[in-house]
Amino acid sequence: MRTNGYGRSERARRAGVVVATVASLAVLSACTASSDSATSTTAASPAAASSAGSSSAAASSGAVDPAAAGVGPTSAAPIGVLPAAAQAIMDKPAYKTARWNYYVADAETGEVLMANRPDEMVLTASTAKNFTVGSAYAVLGPDTTLTTPVYVTTPAAGGVVAGDLVLVASGDLAMGGRNAAQGKFDNAFTATTIDHVYGDVGAPNAAVAPGNPLAGLDDLAAQVAASGITQVDGDVTIDTRLWETYVGQEGLVPSIFVNDNLLDITVTATSVGQPATVASSPQTAAFTVTSDVTTTDAETPVELKVVADPDNPTAITVSGTIGAGKSQLTVYRIPDAASWARTLFIEALTRAGVTVAAPAVALNNKAALPAVGSYPADQQVASLTSPPLNAMGGMILETSYNTGANAMLCLLAVNAGSTKCEDGLKVIRGQIDKAGLETEAVVLVDGQGKDPASVTPRQISNWMAWTRTQPWGDVLTAGLPTNLTCHTGGPALRFDFSKLESVRAQQQFETDRFSELSRISVAGVRLLLIRKERLWAIA
């Protein structure tokens, strides 16, 4: 059977799938029906899946869209009986042509409790992040931290640096934001809000990330000032050569992140017919934001579009409509993260009392950087330590943070001696082989789970079961997302959950089969139930 370096085979070519999978410690299920999620990539038809799957990343790995290849291998009769509430959803007319795949096993004994077509390839969607984050914990260690140093290219004399000040990016996703100084990596996902990393999907409840996004740069600037430096006559530059900027599904993945490389823009309605107001954060001279948003009647849906002037990329215009009485967050994704960080760092230095001769708003001068790895230790004037990797990994899993997952892929590549993020896939493949999974039944094309990344329910379940045997397994489990109201006022446990059929659906499920519950996890359209003795999932 022909395979390529990432496990794509003729078997995968024949597998036809159109939605996401579900993973837990030892259980997985997948649905081939239409689903609606702002935080995961799904497809409603083979044609849609095929379109979503076309990408340079997929081509470079030799991946073939599984949705374009028809139905997978014939499976045995279903095992076990699904809960009535789940079966009722599956029996709806909307899913008449759907194919449902699931695999439910005892976490301790491996006994198969429920299964249906568990060996057919299905699109992973964001469950692929379990492979990425798990591999990062295995290879780098969950307690590992990243250090971002700042150097002078010439020693200061009398408080003056005649040369440049250089911040060397480390891949720290927080850079002091999200309450990182407390070892945290907080997010804005709550029962009523979503994190700003999804602020451009049109959701009315996006919220800025917790903490001060400039805290890390302020800390570094204060250290520079404390070293006795009062003036920089040269430039301030950002060294992002740790890895080659990766092109992810949602945009660029560099090695420097400040406020997730997002400019938060809050649009607030005024009087009907009048322009809405806009306010941006963090406060910076890097961009000017102009409102071309019209306030309409309260019933009009909010429609917002954020664009930069092609002739002046620092000038941003927000256009569209917003209903009276409403306020909504949107974001602008920064296309040049190094120049963004440079401006913000110079502004932080100014606040700390350090004068910089170079203009704050200018392109990052990468050409002026010293040779890679040539920074003398005695010319380091500041450093910032990230939260532990498990804090970042937990946030990635809990919020399904695509850019963060791809950054972890890049960190794996760097650890393996490469600056090409795609090489992180080889590291993940090594862990998949170590776990004893079927090579041909796991296909990954990036760190986040972009189509056509595919897996069988049985194999991703086996991966999660294997992680439980690893020293870092409990850390991975603890980072899984939760969205649960659990009632134990009777013989049955009752679970109230959302996002089973879509992000707007609210369903209630009751079962008396298990007596002890340790965790329920929901991610996108995926519902994970992780129990003390047995685990199962349905989507």
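At a glance:
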quantity	calculated
Number of the exception - SER418 against (1) within 16 Å of GLY134 (Cβ to Cβ); (2) of a type in the set (S, T, N, Q); (3) part of a loop (DSSP other than H, G, I, E, B)	(1)
Those residues of the stretch 212-223 which are closer than 15 Å to ARG342 by Cα and aliphatic (A, V, I, L, M), in sequence order	LEU214, ALA215, LEU217, LEU220, ALA221
Unmet criterion (only one of (1) out of contact with any strand residue (DSSP E or B) (no Cβ under 9 Å at 6 or more places or on another chain); (2) in a helix (DSSP H, G or I); (3) of a type outside the set (Ser, Thr, Tyr)) for ALA371	(2)
Of all residues making up the stretch 286-311, the number that are farther than 17 Å from ASP200 by Cβ and either of a type in the set (Lys, Arg) or within 30 Å of the chain's Cα centre (by Cα) (or both)	5
Qualifying residue in the stretch 200-209 (condition: more than 21 Å from VAL331 (Cβ to Cβ) and either in the same structural domain as THR477 (by TED's automatic domain parsing) or at pLDDT 95 or above (or both))	no
Output for the stretch 80-122, where each listed residue is surrounded by 13 or more Cβ atoms within 10 Å (Cβ to Cβ), modelled with pLDDT of 85 or more and either among the hydroxyl-bearing types (Ser, Thr, Tyr) or more than 25 Å from THR439 (Cα to Cα) (or both)	TYR102, TYR103
Residue list for the stretch 96-128, filter: over 19 Å from VAL445 (Cβ atoms) and aliphatic (A, V, I, L, M)	ALA98, VAL104, ALA105, ALA107, VAL112, LEU113, MET114, ALA115
Strands (runs of 3 or more DSSP E) fully within the stretch 104-221 counting 2 or more residues that are closer than 30 Å to PRO282 by Cβ	147-152, 165-168
Qualifying residue in the stretch 413-434 (condition: within 17 Å of ILE256 (Cβ to Cβ), surrounded by fewer than 17 Cβ atoms within 10 Å (Cβ to Cβ), at pLDDT 95 or above and outside the structural domain of VAL253 (by TED's automatic domain parsing))	yes
From PRO335, PRO376, PRO301, residue being at pLDDT below 95 and either surrounded by fewer than 17 Cβ atoms within 10 Å (Cβ to Cβ) or touching a helix residue (DSSP H, G or I) at 6+ places or on another chain (Cβ under 6 Å) (or both)	PRO301
Inter-residue pairs, beta-carbon under 8 Å, first assigned by TED's automatic domain parsing to the domain that holds LEU214 and closer than 27 Å to GLU244 by Cβ and in the stretch 338-362, second assigned to a loop (DSSP other than H, G, I, E, B) and among the polar types (S, T, N, Q), 6+ apart	ALA338/THR240; ALA338/ASN364; SER339/ASN364; ALA341/ASN364; ARG342/ASN364; THR343/THR284; LEU344/THR284
Test: residue in the stretch 217-228 that is free of Cβ contacts under 8 Å to residues at least 40 places away in the same chain, out of contact with any Leu (no Cβ under 7 Å at 6 or more places or on another chain) and of a type outside the set (Gly, Ala, Ser)	no
Members of the stretch 222-244 that are closer than 25 Å to LYS366 by Cβ, of a type outside the set (D, E, K, R) and not in a helix (DSSP H, G or I)	SER227, ILE229, GLN231, VAL232, GLY234, VAL236, THR237, ILE238, THR240, LEU242, TRP243
THR355 β-branched (Val, Ile, Thr), surrounded by fewer than 22 Cβ atoms within 10 Å (Cβ to Cβ), out of contact with any helix residue (DSSP H, G or I) (no Cβ under 9 Å at 6 or more places or on another chain) and at pLDDT 95 or above	no
Inter-residue pairs, beta-carbon under 6 Å, first surrounded by 24 or more Cβ atoms within 10 Å (Cβ to Cβ) and in a loop (DSSP other than H, G, I, E, B) and in the stretch 439-461, second hydroxyl-bearing (Ser, Thr, Tyr) and modelled with pLDDT of 95 or more, 6+ apart	GLY447/THR132
Residue count for the stretch 245-279, restricted to those that are touching a residue at least 24 places away in the same chain (Cβ under 8 Å) and assigned to a strand (DSSP E or B)	14
Filter result (closer than 15 Å to GLN379 by Cβ and in contact with a Ser or Thr (Cβ under 8 Å, 6 or more places away or on another chain)) within the stretch 136-158	PRO149, VAL150, ALA156
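Residues are listed down the side, and each one gets a yes or a no for (1) of a type outside the set (Gly, Ala, Ser); (2) surrounded by fewer than 20 Cβ atoms within 10 Å (Cβ to Cβ); (3) under 21 Å from LEU146 (Cβ atoms):
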position	(1), (2), (3)
ARG178	yes, no, yes
THR192	yes, yes, no
GLY199	no, no, no
GLY202	no, yes, no
PRO210	yes, yes, yes
LEU217	yes, no, yes
LEU220	yes, no, yes
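The values are calculated or read from the model by the stated rules, or taken from the named source; none is laboratory data. Computed from a predicted structure; not experimentally measured. All Cβ positions, glycine included, derive from the backbone under ideal geometry; neighbour counts span all protein chains shown.
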